[in-house]
Amino acid sequence: MNQEITGKSYLMLTLNTLGFMICFAAWTINGVLVAYLVDSGIYKWSNVEVGWLLGLPILSGAILRFPVGMLTDKFGGKTVFTALLFFCSIPMFLLAYANSFLIFAVLSLIFGLTGASFACGVAYTSLWFPKNKQGTALGIFGIGTVGTALTTLLAPSLLMYLTDDGVNPDGWRTLPQIYAGALILTGLLFLFLATNKKPEKKKTIKELMLPLKEIRLWRFGLYYFLVFGCFVAFSQWLVPYYVNVYSMPLVTAGFLTSAFSFPAGLFRAIGGWLSDKYGPRRVMYRVFGASIILTFLLIFPRMEVYSPGSGVTAPVSGKVSAVDDTSVMVGESKVLYTKRDPSTIHEKDLTLVFPVIEGWHEPIVNVGDEVRKKELLARGVTRIFFQANVWIFTGLVLLIGLAWGIGMGAVYKFIPEYFPNDIGVVGGMVGVLGGLGGFFSPIFFGYLLSFSGVWTSSWVMMHILSIVCLVWFHLVVTRMLNRRSPELQTRFETAD
């Protein structure tokens with residue numbers, strides 16, 4: 001018997017989406033707050049410490065998704081979601097009184113439980129819709145990931161207002177209190193408007209754990225590690241990225257970061273729709289391909305590199321009789337060389353799209369020097385200047401955000417196809433693995449930055465991870481096709 005969709009179903013979907021959005025905004029507050037505290041000199045945390053502060057809330061929100069999902073099955077979505085919102089408001093409020101890295105880290109770890117709201121919302125939302133409508137409902141629920149865009153868009157402006165543009169630095173402490181108030185208000189909405197509901201059939205712990213033996217689950221988790229976990233990581237990491245690489249004000253950095261995170265959250269629903277229409281396999285091929293291409297383009301940093309070039313040598317032996325801006329006289333022979341174009345000296349002030357490569361010569365001999373044939377008269381200099389234009393960078397970041405957003409919806413389309421009886425458990429575990437991407441990635445970014453000194457090292461990591469995902473994905477698909485049609489394994493092409 002098909003479950004009927006009622007007005008209450010839509011009310012629960014609205015509440016769950018709103019709750020997830022507020023929780024997601026709180027989950028990623030450190031991306032803006034920590035960047036402000038370090039950039040303003042309030043705390044002198046290293047790049048590695050910043051990475052830990054960005055990653056710790058993501059860690060607790062990730063690893064607690066599985067138990068929160070189980071608690072939702074046992075006690076109902078209203079009970080768990082309401083308790084989660086009220087509980088997380090406490091460490092969020094206390095964050096206003098943190099005065100050390102350790103206290104900040106501990107409180108971040110606790111309020112990171114807001115990230116586990118995903119598991120609660122998925123389980124709770126599913127109960128209000130029939131199976132043939134759950135994909136659409138969960139896609140709408142997933143739009144709550146735009147909460148991170150709300151933080152990157154609004155929190156920097158709030159910080160500027162609360163601190164009087166830096167005149168009152170301690171004004172930042174009001175921001176986590178505002179977030180705590182938003183969590184409490186959302187909790188009250190759940191308390192008075194939500195209706196509790198539990199699944200009819202319950203499984204034992206042993207039955208719930210059986211899907212964990214499937215390698216396929218862990219493969220889906222790796223895909224989600226990339227498209228969701230790295231999305232969460234960059235939703236925070238891009239704020240200090242813009243501030244440090246492009247000298248952007250915090251408000252502008254937050255606005256540009258929201259251009260990455262906001263559309264990606266919306267495109268999650270489109271990823272589910274495309275997977276319904278064309279199949280998740282076809283969608284994921286394109287997602288991984290786009291991720292590889294875009295991360296490769298994002299690898300190149302702002303740089304100015306000087307290298308030895310092709311020099312100019314003496315055609316004959318003799319004495320240097322004259323040296324000017326374009327030539328060297330050796331005896332009666334005039335040897336021409338290339339002078340540097342003075343217009344390129346000021347090109348840093350221009351808007352450039354492609355790298356500029358130029359070469360010139362610098363004389364190394366003086367009038368009166370005796371030189372031999374083939375001896376160097378002017379050394380060659382090659383200069384490569386790449387501006388890494390901020391608007392092109394932002395456009396590429398927007399595109400990779402859209403690709404990852406589509407990938408989020410596509411990965412979750414695989415789950416009901418391969419685990420129709422364990423959607424909650426497998427979805428929760430894949431969510432855990434994806435969330436761990438949001439934890440580990442900022443920490444890795446911090447270490448990579450400290451080791452290399454290059455901010456684009458984070459995109460190198462993404463490029464390698466994208467290649468790994470595509471290769472593993474293609475090997476599995478090829479093996480599956482060969483198993484179904486073994487007669488085609490040795491044939492290069494078919495008649496049709």
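The values are calculated or read from the model by the stated rules, or taken from the named source; none is laboratory data. Computed from a predicted structure; not experimentally measured. With ideal geometry, Cβ positions are generated from the backbone for all residues, glycine too; neighbour counts draw on all protein chains shown.
In table form, for the structure just shown:
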read-out	value
Flag for GLY69 being touching a residue at least 12 places away in the same chain (Cβ under 8 Å) and either crowded, with 24+ Cβ neighbours inside 10 Å or under 30 Å from GLY453 (Cβ atoms) (or both)	yes
Selection count, the stretch 221-264, where residues are over 13 Å from the mean Cα position of the chain (by Cα), surrounded by 24 or more Cβ atoms within 10 Å (Cβ to Cβ) and among the hydrophobic types (A, V, I, L, M, F, W, C)	1
Which numbered condition VAL106 misses (of (1) under 30 Å from ARG173 (Cβ atoms); (2) among the β-branched types (Val, Ile, Thr); (3) touching a Phe, Trp or Tyr at 6+ places or on another chain (Cβ under 6 Å))	(3)
Any chance PHE118 is in contact (Cβ under 8 Å) with a residue 40 or more places away in the chain and in a loop (DSSP other than H, G, I, E, B)	no
Criterion violated by TYR179 - all others in (1) modelled with pLDDT under 95; (2) buried (at least 17 other Cβ atoms within 10 Å of the Cβ); (3) aromatic (Phe, Trp, Tyr); (4) over 21 Å from THR72 (Cα atoms) satisfied	(1)
Scan of the stretch 298-330 for residues that are more than 16 Å from PHE385 (Cα to Cα), of a type in the set (S, T, N, Q) and touching a residue at least 12 places away in the same chain (Cβ under 8 Å), ordered by number	SER310, THR313, SER317, SER321, THR326
Elements of type helices (runs of 4 or more DSSP H) in the stretch 1-77, at least 1 residues being closer than 21 Å to LEU193 by Cα and among the aliphatic types (A, V, I, L, M)	7-27, 65-75
Residue check, TRP472 part of a helix (DSSP H, G or I) and touching a Lys or Arg at 6+ places or on another chain (Cβ under 9 Å)	yes
Residue match in the stretch 425-448 (condition: polar (S, T, N, Q), surrounded by 12 or more Cβ atoms within 10 Å (Cβ to Cβ), touching a Lys or Arg at 6+ places or on another chain (Cβ under 9 Å) and at pLDDT 85 or above)	no
Meets criteria (in a helix (DSSP H, G or I) and modelled with pLDDT of 85 or more) for LEU138	no
Only listed residue being in the same structural domain as TRP360 (by TED's automatic domain parsing), touching an Asp or Glu at 6+ places or on another chain (Cβ under 8 Å) and surrounded by 16 or more Cβ atoms within 10 Å (Cβ to Cβ), chosen from VAL312, VAL320, VAL330	VAL320
Residue among LEU150, LEU158, LEU175 that alone is within 19 Å of the chain's Cα centre (by Cα), within 15 Å of ALA26 (Cβ to Cβ) and of a type in the set (A, V, I, L, M)	LEU150
Condition met for TYR161 (free of Cβ contacts under 8 Å to residues at least 40 places away in the same chain and out of contact with any Cys (no Cβ under 7 Å at 6 or more places or on another chain))	yes
Some residue of the stretch 23-39 being in contact (Cβ under 8 Å) with a residue 12 or more places away in the chain, closer than 30 Å to VAL167 by Cβ and among the polar types (S, T, N, Q)	yes
Residue count, the stretch 453-463 (criterion: part of a helix (DSSP H, G or I) and within 19 Å of GLY55 (Cβ to Cβ))	6
Residue match in the stretch 71-85 (condition: of a type in the set (A, V, I, L, M), farther than 15 Å from GLN236 by Cβ and touching a Leu at 6+ places or on another chain (Cβ under 6 Å))	yes
Positions within the stretch 48-63 being buried (at least 20 other Cβ atoms within 10 Å of the Cβ) and not polar (S, T, N, Q), in sequence order	VAL50, GLY51, TRP52, LEU53, LEU54, GLY55, LEU56, PRO57, ILE58, LEU59, GLY61, ALA62
